[in-house]
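**Q** A single structure is presented below for examination.
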Amino acid sequence: MLERLQDSLIKSPIIKRGEYNYFIHPISDGVPSIDPHLVEEISDYITEIADLKVDTILTVEAMGIPVANALSLKTGIPLTIVRKRPYFLEGEVELSQSTGYSKGVLYINGLKKGDTVIIVDDVISTGGTLLALVRALQNMGVKITDVVSVIGRGDGYLKLRELGVDPKILVTIDVSEKGVEIKDVFRNQ
Ligand SMILES: O=P(O)(O)OC[C@H]1O[C@H](OP(=O)(O)OP(=O)(O)O)[C@H](O)[C@@H]1O
Ligand code: HPA
């Protein structure tokens, strides 16, 4: 299950970003390049495990886009991208993003109260990004059917449970200076 993803993850180089051991992988970085068969494996898997009765697939710039776009092409469901720059449109919602190595501002456009979304992102680590996003969507009255992260590391995902959301993490890894180790693979109940 998810063999291409698992095999490629254990080959990930590690760099330091401050104290943070950052793994470099095609899905989370686009580096060195993205194998379309890998993206297809992942998007196929998401169609099997996730609730896709939604108005739109929601992802976060930049590296949620390749998988979320593949899912959109496969299902015909539109894609909405949370951007890192403002557009000053009516109804734009601003939120603060904090990861293990960066801070920034995200902007939601194109969603309104009553819309139904699935969130798809590449990585959940500290949970800072998805926590802020889920909070903002809940405040907007947007319904979330599922939160899917291709890769998970650490216990940041637990913060989402406090908001009543249990993310589906396809492959859970441990990251140290030595490399990546596979901890778990998501299986449908
Ligand atoms: O759980 P967290 O600690 O918040 O980390 C996860 C976030 O970090 C990465 O985004 P980043 O802002 O680095 O941007 P990128 O997608 O442009 O690489 C990734 O795409 C997630 O959105
Ligand atoms: O270690 C990482 N690598 C790539 N993307 C990430 N997003 C959060 N942590 C990481």
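The values are calculated or read from the model by the stated rules, or taken from the named source; none is laboratory data. This one's a predicted model, so the numbers in the text were calculated from it and none came from an experiment. Cβ: placed from backbone, ideal geometry, glycine included. Neighbour counts: every protein chain shown. These accessible areas exclude ligands, DNA and RNA; they are computed on the full protein's heavy atoms, side chains included. Shrake-Rupley method; radii C 1.70, N 1.55, O 1.52, S 1.80 Å.
**Q** Which of the trypsin sites (Lys or Arg not before Pro) found in the range 114-189 are in a DSSP loop and have at most 15 neighbouring Cβ atoms, other than their own, within 10 Å?
**A** LYS178, ARG187
**Q** Related question: Let me have the relative contact order for the chain, percent, based on Cα pairs under 8 Å that are six or more residues apart.
**A** Relative contact order of the chain: 21 percent.
**Q** A 31 angstrom limit on the alpha carbon distance is what I want to check against. Which of LYS74/LYS168; LYS11/LYS159; LYS11/LYS113; LYS143/LYS178; LYS84/LYS159 exceed it?
**A** Pairs exceeding the cut-off: LYS11/LYS113; LYS143/LYS178.
**Q** Please identify the GluC sites (Glu not before Pro) of the range 7-82 that satisfy two criteria: DSSP loop assignment and at most 15 other Cβ atoms within 10 Å. Which are they?
**A** For GluC sites (Glu not before Pro) across the range 7-82 that sit outside H, G, I, E and B with at most 15 neighbouring Cβ atoms in 10 Å, the list reads GLU19, GLU61.
**Q** Turning to a different aspect of this structure: For a bin width of 5 Å, list the pair-distance distribution of the chain built from all Cα-Cα distances, rounded to whole %.
**A** 1, 8, 17, 22, 22, 16, 9, 4, 1, 0
**Q** Here's another thing I want to ask about it. About its Cα centre, what dipole magnitude does the chain give when the only charges are +1 on Lys and Arg Cβ and -1 on Asp and Glu Cβ, stated in debye to the nearest 20?
**A** Value, rounded to 20: 460 debye.
**Q** OK, next. What trypsin sites (Lys or Arg not before Pro) does the range 1-69 have in DSSP loop regions with at most 14 other beta carbons within 10 Å?
**A** In loop regions of the range 1-69 (DSSP not H, G, I, E or B), the sparsely surrounded trypsin sites (Lys or Arg not before Pro) are LYS11, LYS53.
**Q** Let me ask another. Separation between the ASP184 and LYS84 pseudo-spin-labels, each 7 Å from Cα along Cα→Cβ, expressed in nm?
**A** 2.9 nm
**Q** Another question, then. Among LEU79, LEU111, LEU158, whose mean-square fluctuation peaks in a Gaussian network model of the chain (Cα, cutoff 10 Å)?
**A** Taking springs between Cα atoms under 10 Å, the residue moving most is LEU158.
**Q** Give me the distance between the Cα centres of the range 87-120 and the range 18-57, rounded to whole Å.
**A** Rounded to whole Å, the Cα centres lie 19 Å apart.
**Q** Give, as a single signed number, the net charge of other residues whose beta carbon lies under 15 Å from the beta carbon of ASN109, with Lys and Arg counted +1 and Asp and Glu -1.
**A** So the environment of ASN109 carries a net charge of -1.
**Q** Just add up the charged neighbours of ILE65: K/R +1, D/E -1, any other residue whose Cβ is under 15 Å from the Cβ of ILE65.
**A** It works out to a net charge of 0.
**Q** Then there is this: Hey, any idea what % of the range 3-184's accessible area is carbon plus sulfur with a 1.4 Å probe?
**A** Carbon and sulfur atoms account for 49 percent of the accessible area of the range 3-184.
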